[in-house]
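Undergrad: Let me give you the structure first, and then I'll get to my questions.
The values are calculated or read from the model by the stated rules, or taken from the named source; none is laboratory data. Just so it is clear, the structure is predicted and the values come from calculations on it, not from any experiment. Here Cβ is always computed from backbone atoms with ideal geometry, including for glycine, and neighbour counts include all displayed protein chains. These area figures cover heavy atoms from the full protein model, side chains too; ligands, DNA and RNA do not enter into them. Shrake-Rupley method; radii C 1.70, N 1.55, O 1.52, S 1.80 Å.
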Amino acid sequence: MRTLKIISLISIFYVAVACNSKLSHQEISDKAKKITQVINEKNIDVFHNWQFEYRGKGEIWTKSINDRTNFTAYYFKEKDSTSFMIFSRDLKGSEYPCLVEIDTSQYQSNFWFTKTENGQIEISSTKKDGTDTIIGKNYSEKDVFGENNPFNELNKLSNLKDEIGVVSIYNNQRLGDFTQFYITYEDVLTYIPDNLNLNPKYKDFWLGNFQTGKTINKNWNLRHLENPKQGG
């Protein structure tokens, strides 16, 4: 059931990408300017450790600290619920450890957490034989995650992403302290801090990339890619 849902949503994604890539130069410029009005030095840090990609209507959010992936969630917003899927390695990870005891040996590696409109959480997964099953339901958020709740964090990130209307957000602290917002998979707006810190190994490469673009606003560089970023 979950697999069929993901496949259908990925099909919808390819239609959306085709439409997104047809934005005019003016539309791209307007979107870039809007992003610079919403994101600034006061709130850019919210994306300091988070990266985002679409998979169909689902959203992949990955949190990395010190070049190490700490948490990855496949996040969905639907009319009457929000949900996310994580793999077994993140059930007891350092970021959002699940407080409900789950015998992972009984299930495949995917675990779904679904929150309904009344705030109750259902946990489900797929058994080793391929059967979808509910592990537990009617949990409160505190029962499942205590005070450190990924639903709150993912909702905040997703809403901000929706407000600025981007298809991907990318940063890699190993390369430097800049963050890239993909308006389309061919047009990227980069936030470059005043005191840009680049890895010397890649410094010339990235400075050359930024020179191919144009300054939209203080700290912002917009460029068109010759080779579109792969998405989806």
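Undergrad: When you go through (1) open to solvent by less than 60 Å² (accessible area, probe 1.4 Å); (2) in a helix (DSSP H, G or I) one by one for Asn152, which number turns out not to apply?
TA: With respect to (1) open to solvent by less than 60 Å² (accessible area, probe 1.4 Å); (2) in a helix (DSSP H, G or I), Asn152 is out only on (1).
Undergrad: Here's another thing I want to ask about it. Where residues in segment 1-54 are within 16 Å of His224 (Cα to Cα) and outside any helix (DSSP H, G or I), which of them is modelled with the highest pLDDT?
TA: Per the stated criteria, the residue is Ser24.
Undergrad: Among the listed residues Glu78, Glu59, Glu117, identify the single one that is modelled with pLDDT under 95, within 18 Å of the chain's Cα centre (by Cα) and under 14 Å from Phe151 (Cα atoms).
TA: Testing whether each residue is modelled with pLDDT under 95, within 18 Å of the chain's Cα centre (by Cα) and under 14 Å from Phe151 (Cα atoms) leaves just Glu78.
Undergrad: Among (1) in contact with a Gly (Cβ under 7 Å, 6 or more places away or on another chain); (2) open to solvent by 20 Å² or more (accessible area, probe 1.4 Å); (3) among the aliphatic types (A, V, I, L, M), where does Leu207 come up short?
TA: (1)
Undergrad: Every residue in segment 124-155 that is under 25 Å from the mean Cα position of the chain (by Cα), hydrophobic (A, V, I, L, M, F, W, C) and farther than 19 Å from Ile60 by Cα, please.
TA: Of everything in segment 124-155, those that are under 25 Å from the mean Cα position of the chain (by Cα), hydrophobic (A, V, I, L, M, F, W, C) and farther than 19 Å from Ile60 by Cα turn out to be Val144, Phe145.
Residues are listed down the side, and each one gets a yes or a no for (1) without any contact (Cβ under 8 Å) to a residue 60 or more places away in the chain; (2) surrounded by fewer than 17 Cβ atoms within 10 Å (Cβ to Cβ); (3) farther than 25 Å from Gly58 by Cβ:
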residue: Glu163; (1), (2), (3): no, yes, no
residue: Asn172; (1), (2), (3): no, yes, no
residue: Thr179; (1), (2), (3): no, no, no
residue: Asp187; (1), (2), (3): no, no, no
residue: Asn195; (1), (2), (3): yes, yes, yes
residue: Pro200; (1), (2), (3): yes, yes, yes
residue: Thr215; (1), (2), (3): yes, yes, yes
residue: Asn221; (1), (2), (3): yes, no, yes
residue: Lys229; (1), (2), (3): no, yes, no
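Undergrad: Applying the selection to segment 30-47, what residues are surrounded by fewer than 17 Cβ atoms within 10 Å (Cβ to Cβ) and closer than 18 Å to Asn221 by Cβ?
TA: Asp30, Lys33, Lys34, Gln37, Val38, Asn40, Glu41, Ile44
Undergrad: If Gly119 passes every condition in (1) in contact with a Ser or Thr (Cβ under 8 Å, 6 or more places away or on another chain); (2) part of a strand (DSSP E or B) but one, which one does it miss?
TA: Looking at each condition in turn, Gly119 falls short on (2).
Undergrad: Select from segment 62-96 the residues that are outside any strand (DSSP E or B), without any contact (Cβ under 8 Å) to a residue 24 or more places away in the chain and open to solvent by 30 Å² or more (accessible area, probe 1.4 Å) and write down the one among them that is farthest from Gln173 (Cα to Cα).
TA: Restricting to residues being outside any strand (DSSP E or B), without any contact (Cβ under 8 Å) to a residue 24 or more places away in the chain and open to solvent by 30 Å² or more (accessible area, probe 1.4 Å), the top hit is Lys79.
Undergrad: Go through (1) open to solvent by less than 40 Å² (accessible area, probe 1.4 Å); (2) on the phi > 0 side of the Ramachandran plot and name the single condition Glu59 misses.
TA: Result: Glu59 fails condition (2) only.
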